[in-house]
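To start, the structure under review is shown below, and the notes come after it.
The values are calculated or read from the model by the stated rules, or taken from the named source; none is laboratory data. None of the values given here were measured: they were computed from a predicted structure. When we count neighbours, we look across all protein chains shown, and the Cβ atoms used for this are built from the backbone with ideal geometry, even at glycine.
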Ligand code: FAD
């Protein structure tokens, strides 16, 4: 029987990053993973395959929409679905193999199989019990279910995000239940591939929790791209018949019952923590009301020596949040000072245009009672954005009116997911809008729009 300093359960972005950092800090580490490949939800059925599909479908959209405008003429580009799925699988494969390489390089043992925790310091995989000084639960999450809706990924008619990344064919029509990040990203993919996509959402706005102005602009842009939206609608059931589905929903405004038919229904109503089979109940690890593992400020659960991170614990269900927690908890276990600044965790939607945000929304900043200043700059005033047909959208900077300190930023536009990090760094350093406004930004870049939004917080933007 081997004895470890740390056994990590789950090799998603939380778990594998934790294992690598702990090994770098000199600990003897093993990581248990039940899947055939490393990388968790993110690399196998989440961030990476969805971005591959977004990229491929964006390229197709460019050939149809914008190539001719640039004088690029030629035969109409057609989709070879099997090849596109092959490109996605290859992208996933190179990334999951990359984690295997990193495990070998850092001398981390991959214990293959599903783990349960027999007691603090004892992890069982198959018939073997491994001893360890510390355990990190990084078991991630799975799609939430919806009452009255049965998901059957293999059937390809009513699917969750995993099934939507592996459909047998491009459907002619698709209903997406839930207007959150995953639903809108995958809905965009299929809309660009030619499906008629209708998004049905319970709330009255898309992307709940986002800045209100961004929500409205985003919905307008997606509508222009052909997505239809039914908001304020509670789905009560999905019936399937001979390869098609009928979605029944009730409109909240007048209680009227409606139905909509589609070849495919994507259920994208969120995700829930996955802790089944770990034996947490017997061990005495406390969970929150919503089933997340309860942790203290150092990611320790209610049982000493057992920690938890990532989607299995409360907070935004994002790969980079899981990674940050993975690094931090490894440092705590190694006797160092692990730290995650939860106030500066960016969120990105990888549609075209991208949507990115960090920190407080205008609404949330005002709720804190402070005086708030907003600096806004439209991409219509940015030469680079217009050159790539992406003049829709804006940068919105939220600033404390008394101190000029940056409180948040919301961007809808080209490269938003990259540009947001300038603001993350600014917020980490406690920068003011003036600090950003005084920083020289290269021309022509879309980042100039961030500087212009900062200028708009002072004497005014130039290109408006
Ligand atoms: P996971 O990645 O879920 O990994 C947990 C792993 O633990 C799994 O591989 C599981 O098999 C394993 N496991 C569980 N229990 C056991 C056990 N008992 N024994 C052994 N192994 C076990 N986030 C972003 O930040 N950016 C994105 O663009 C993005 N896109 C997404 C797109 C989709 C379609 C989906 C579904 C998710 C997306 N996410 C994205 C969310 C992101 O995937 C998760 O936040 C992230 O994977 C969480 O990491 P984790 O390490 O906590 O858990």
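Quick notes on this one:
- When 131, 150, 127 are screened for being more than 27 Å from residue 291 (Cβ to Cβ), loosely packed, with under 15 Cβ neighbours inside 10 Å and touching a residue at least 24 places away in the same chain (Cβ under 8 Å), only 131 passes.
- Flag for residue 296 being farther than 30 Å from residue 157 by Cα, out of contact with any strand residue (DSSP E or B) (no Cβ under 9 Å at 6 or more places or on another chain) and more than 15 Å from the ligand (Cβ to nearest atom): yes
- Of everything in the stretch 154-174 that is over 16 Å from residue 226 (Cα atoms), in contact with a strand residue (DSSP E or B) (Cβ under 6 Å, 6 or more places away or on another chain) and part of a loop (DSSP other than H, G, I, E, B), the residue that is farthest from the ligand (Cβ to nearest atom) is 157.
- Residue check: residue 247 meets all listed conditions (1) surrounded by fewer than 23 Cβ atoms within 10 Å (Cβ to Cβ); (2) away from the ligand (no atom under 16 Å from the Cβ) but one, namely (1).
- Answer residue from the stretch 175-193, given it is more than 15 Å from the ligand (Cβ to nearest atom) and in contact (Cβ under 8 Å) with a residue 60 or more places away in the chain and is nearest to residue 351 (Cα to Cα) among those: 192
- Failed item in (1) without any contact (Cβ under 8 Å) to a residue 60 or more places away in the chain; (2) surrounded by 16 or more Cβ atoms within 10 Å (Cβ to Cβ); (3) within 24 Å of residue 39 (Cα to Cα), with residue 141 passing the rest: (1)
- Residue match in the stretch 260-271 (condition: under 30 Å from residue 118 (Cβ atoms) and either buried (at least 16 other Cβ atoms within 10 Å of the Cβ) or within 16 Å of the ligand (Cβ to nearest atom) (or both)): yes
- Failed criterion for residue 113 (all others in (1) within 13 Å of the ligand (Cβ to nearest atom); (2) crowded, with 17+ Cβ neighbours inside 10 Å hold): (2)
- Any hit, the stretch 257-276, residues being closer than 21 Å to residue 8 by Cα, free of Cβ contacts under 8 Å to residues at least 60 places away in the same chain and either not in a strand (DSSP E or B) or not assigned by the TED database to the domain that holds residue 164 (or both): yes
- Among residues of the stretch 308-323 being in a helix (DSSP H, G or I) and over 24 Å from residue 119 (Cα atoms), the one that is farthest from the chain's Cα centre (by Cα) is 323.
- 1 or more residues within 16 Å of the ligand (Cβ to nearest atom) and exposed (fewer than 13 other Cβ atoms within 10 Å of the Cβ): qualifying helices (runs of 4 or more DSSP H) within the stretch 1-103: none
- Residue that is closer than 20 Å to residue 136 by Cβ, surrounded by fewer than 17 Cβ atoms within 10 Å (Cβ to Cβ) and under 27 Å from the mean Cα position of the chain (by Cα), where the choices are 291, 326, 305, 338: 291
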